[in-house]
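K.L.:
Quick one: this structure, given as structure tokens, is what I'll be asking you about.
The values are calculated or read from the model by the stated rules, or taken from the named source; none is laboratory data. Just so it is clear, the structure is predicted and the values come from calculations on it, not from any experiment. Quick reminder, even Gly has a Cβ in these numbers, built from the backbone with ideal geometry, and neighbours come from all protein chains shown. Side chains included, ligands, DNA and RNA excluded: accessible areas come from the protein's heavy atoms. Shrake-Rupley method; radii C 1.70, N 1.55, O 1.52, S 1.80 Å.
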Amino acid sequence: MTRVIVDDPSAVEVLLDSSKTRLLAPFMLGPHTIAAVAEATGQAQNALTYWVKRFVKLGLLTEVGCGRPAQYQAVTQDFLIDPSRVMPLEDMLRQLNEPIWARLLQGYTQEYRRVSPDWYVQLQITPDGYLIRRPVTPWQLQTPGAPLPELPLNEYTVIGLSREQARELKQRLAALVMEYFEQQPDTGPGEMYFLHLGLTRDAVYS
């Protein structure tokens, strides 16, 4: 199949929604019935039927063969979405990343709640002028020196790097992630962790 450029506003909106592309993905691999994809994705069959019809109407899916039940397949395995005439760049990036951030935030909330149902946010200035903002539990405040709770990694900082250092750091982080990805046991992954690494020039100082 050849690459298909998508610039129709309605189709662009659908393809930028990760919850919809998860429904489309099985059909990109090959022909499937609605029932088979509903079972694989855990989607209600009636809801998936609605979206299959919508995908067909938008030109993303097509019915293949003449058998029954009907089978559908994506018109390509390579969609190139062009949102430039539909929305500004910042809106495109927001649509791509907000669902991912929401999923990460759910994971943070779950882990924080396991440690304590109640939290404060401490805003503190250090003697050397660094501003610290961090969540703390009531028992941390009541018992100074108590061991810190084990929480998910969620560090934000601004550091001065040369272009070469930033490039090296990006490459080393990516290599480290791939190293652990390749170490997953043959029996399948254990607990699933959501990983988010970010490194970019700070727009505030650009």
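K.L.:
Out of the residues in segment 125-173 that are surrounded by fewer than 10 Cβ atoms within 10 Å (Cβ to Cβ) and acidic (Asp, Glu), which is modelled with the lowest pLDDT?
P.N.:
Checked segment 125-173; the qualifying residue modelled with the lowest pLDDT is GLU155.
K.L.:
Give me a count of the residues in segment 174-186 that are assigned to a helix (DSSP H, G or I), open to solvent by less than 100 Å² (accessible area, probe 1.4 Å) and of a type outside the set (A, V, I, L, M, F, W, C).
P.N.:
Summing the residues that are assigned to a helix (DSSP H, G or I), open to solvent by less than 100 Å² (accessible area, probe 1.4 Å) and of a type outside the set (A, V, I, L, M, F, W, C) in segment 174-186 gives 1.
K.L.:
To continue, here is another question. Do we find a residue being in contact (Cβ under 8 Å) with a residue 40 or more places away in the chain and either surrounded by 14 or more Cβ atoms within 10 Å (Cβ to Cβ) or within 27 Å of GLY198 (Cβ to Cβ) (or both) anywhere in segment 44-52?
P.N.:
Looking for residues that are in contact (Cβ under 8 Å) with a residue 40 or more places away in the chain and either surrounded by 14 or more Cβ atoms within 10 Å (Cβ to Cβ) or within 27 Å of GLY198 (Cβ to Cβ) (or both), one finds none in segment 44-52, hence no.
K.L.:
Out of ASP82, ASP7, report the one residue that is among the charged types (D, E, K, R) and touching a helix residue (DSSP H, G or I) at 6+ places or on another chain (Cβ under 9 Å).
P.N.:
Answer to the selection: ASP82.
K.L.:
Right, next: Can you pull out the residues in segment 97-124 that are in contact (Cβ under 8 Å) with a residue 12 or more places away in the chain, open to solvent by 80 Å² or more (accessible area, probe 1.4 Å) and closer than 29 Å to VAL6 by Cβ?
P.N.:
Hits for segment 97-124 are ILE100, ARG103.
K.L.:
Of TYR108, TYR72, which residue is in a helix (DSSP H, G or I) and either at pLDDT 95 or above or over 19 Å from SER10 (Cα atoms) (or both)?
P.N.:
None of the other options fit; the residue is TYR108.
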